[in-house]
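Just so it is clear, none of the values below were taken in a lab; they were calculated from the coordinates. What you are looking at is a predicted structure, and each value in this text was computed from that prediction instead of being measured. Don't worry about glycine lacking a Cβ; one is built from the backbone with ideal geometry, like all the others, and counts go over all protein chains shown.
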Protein chains: 2
Amino acid sequence: MSISNNTIERICRIFGYLDSIEKEKIEFISSSELAKAIGATEHTVRKDISQLNVIGFTRKGYEVKSLKKELGRKLNLDKHRKACIVGLGRLGTALLDYEKFQDDGFQIVAGFDCSINKIERIKSDINVFQVNRLKEIVKQQGIELGIIAVPAKSAQSVADRLSEAGVKGILNFSPIKVNVASGIIHLDMNFTSALRVISAQFK
Amino acid sequence: MSISNNTIERICRIFGYLDSIEKEKIEFISSSELAKAIGATEHTVRKDISQLNVIGFTRKGYEVKSLKKELGRKLNLDKHRKACIVGLGRLGTALLDYEKFQDDGFQIVAGFDCSINKIERIKSDINVFQVNRLKEIVKQQGIELGIIAVPAKSAQSVADRLSEAGVKGILNFSPIKVNVASGIIHLDMNFTSALRVISAQFK
């Protein structure tokens with residue numbers, strides 16, 4: 001089964017939306033409502049969902065609980081994953097305690113920084129380490145995801161270290177694009193791109 | 001000219017990519033390279049660009065400088081915009097000094113928080129104020145964009161305040177979705193959705 005990145009992105013957004021309305025005890029949703037919620041056309045949403053061979057469409061629409069479960073199972077979104085954060089400045093420490101990660105099945109199990117002083121000062125329930133212990137801790141804890149929260153100038157070397165340490169995926173919050181070894185999935189979080197998308201729609 | 005949100009998103013990514021390669025003095029780029037860089041198909045990229053009636057395609061490919069300029073002009077991405085941040089915890093203060101915003105034409109001109117103590121302790125070149133001065137400062141400075149960096153429980157009330165204050169767009173970093181008055185463009189930054197998109201692609 002080969003699914004395009006765009007479909008995966010949309011399914012993840014659909015999954016997140018289903019998760020939020022499930023908490024509000026909503027039982028059914030139409031494809032047009034789903035489309036509106038994630039900013040795609042109804043046709044695209046139906047096509048994306050049908051590509052995953054998911055059933056659950058009734059006369060009342062999609063059944064929220066079962067659709068979420070099926071989509072999660074097909075894309076392995078129902079698995080709990082361990083993640084670590086590299087770079088414990090303001091952004092990194094904010095992410096260290098970002099409770100939504102845990103709610104959504106992503107457990108931050110470690111933080112890393114190159115500064116011993118910084119590590120000693122940090123007050124968090126999460127264990128923090130010097131970055132030279134990255135590989136050891138990633139193996140020991142079975143960490144699959146690395147989150148980069150260092151300044152631009154160190155981002156590429158951190159991406160290299162994370163790849164070597166054996167993570168399967170990298171989320172990069174630094175303002176530069178990083179290159180990763182093939183086989184590692186990565187995504188650059190681009191804050192200014194978000195501001196551009198908003199202002200391009202100004203009347 | 002009616003352009004879909006998906007096209008706008010992709011054009012903004014193309015614009016960001018052109019901006020980065022222009023800095024590396026790259027003069028021409030093919031549509032297939034552009035497609036690869038932003039994770040879309042070549043067909044989609046060509047369609048998106050042609051929708052904006054942009055010229056600049058030569059035998060060597062698109063001319064980077066002129067394509068960037070044209071796309072920027074069509075989507076008003078070449079305008080400098082003023083923004084403010086509400087919520088000056090760790091994430092908010094990290095964003096306050098995020099230099100990339102400035103590089104990309106977004107000027108953070110003010111920060112707001114409800115805590116006077118926090119405001120007094122903040123060391124930043126950006127002016128910070130109590131949140132009850134939001135409307136006054138937004139008008140006075142001509143702020144078009146509001147960035148929400150408060151915890152989930154206060155996010156909706158901050159979105160309401162920003163709408164009342166007269167911003168045209170809102171970027172929400174809180175983990176909940178916010179509702180805004182019609183006519184205001186908004187985008188929720190979803191960190192866990194990014195982790196889901198990555199892990200859905202794990203082998």
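Report the net charge of residues surrounding A:Leu77, where surrounding means a beta-carbon distance below 11 angstrom and charges are Lys +1, Arg +1, Asp -1, Glu -1.
Summing Lys/Arg as +1 and Asp/Glu as -1 gives +3.
Determine the equivalent ellipsoid of the range A:24-97 by diagonalising the alpha-carbon gyration tensor, then write out the semi-axes as square roots of 5 times the eigenvalues, largest first, rounded to whole Å.
Largest first, the range A:24-97 gives 32, 15, 13 Å.
Given the Cα-Cα distance of A:Asn117 and A:Thr44 and 0.36 nm per residue of separation, how much length would full extension add, in nm?
This chain segment gains 21.2 nm when fully extended.
Express in whole angstrom the spacing between the alpha-carbon centres of the range A:63-91 and the range B:67-121.
A separation of 29 Å, based on Cα centres.
Provide Rg and Dmax in Å for the range A:1-64, with only Cα atoms included in the calculation.
For the range A:1-64, the Cα radius of gyration and maximum Cα-Cα distance read 11.1, 33 Å.
So what is the calculated 222 nm ellipticity per residue for chain B, using -39500 (n - 2.57) for each DSSP H run with n of 4 or more, over all residues, to the nearest 500 deg cm²/dmol? If you can, show how the numbers build up before the last one.
On the way: 10 runs with 97 residues, N = 203.
It lands at -14000 deg cm²/dmol.
Computed from the mean reciprocal separation of all distinct C-alpha pairs, what Kirkwood hydrodynamic radius does chain B have, in Å?
18.7
To make sure I understand the rule: partners must be lysines, Cα under 22 Å from the Cα of B:Lys153, and not fewer than 8 residues away in the same chain. Which ones qualify?
Straight-distance partners of B:Lys153: A:Lys23, A:Lys25, A:Lys100, B:Lys118, B:Lys135, B:Lys177.
Charges at C-beta only: +1 for Lys and Arg, -1 for Asp and Glu. How large is the resulting dipole of the protein assembly as shown about its Cα centre, in Debye rounded to 20?
The dipole magnitude comes to about 380 debye.
Stokes-Einstein at 10 °C, 1.306 mPa s, Kirkwood radius from Cα pairs: D for the range A:149-203 in µm² s⁻¹?
Estimated diffusion coefficient is 130 µm²/s.
Between B:Phe129 and B:Ser30, what is 0.36 nm times their sequence separation minus the Cα-Cα distance? Round to one decimal in nm.
30.9 nm
Taking +1 at the Cβ of each Lys and Arg and -1 at the Cβ of each Asp and Glu, which of B:Ser66, B:Val138, B:Leu95 sits farthest along the dipole of chain B towards its positive end, judged by Cα position relative to the Cα centre?
Towards the positive end, the residue furthest out is B:Ser66.
Angle, helix A:5-23 long axis vs. longest principal axis of chain A, Cα atoms, 0 to 90°, nearest 10?
So the helix axis and the longest Cα principal axis differ by about 80 degrees.
Angle check, please: helix B:42-51 long axis (alpha carbons) against the longest principal axis of chain B (alpha carbons), in degrees 0 to 90, nearest 10.
Helix B:42-51 and the main axis of chain B meet at about 70 degrees.
Which values, in whole Å and largest first, are the semi-axes of the equivalent ellipsoid of the range B:81-192 obtained as the square root of 5 times each eigenvalue of the Cα gyration tensor?
18, 16, 15
Starting from the alpha-carbon convex hull of the protein assembly as shown, give the projected area averaged over all orientations, in nm².
Numbers: hull surface 81.2 nm².
In nm², the orientation-averaged hull projection of the protein assembly as shown is 20.3.
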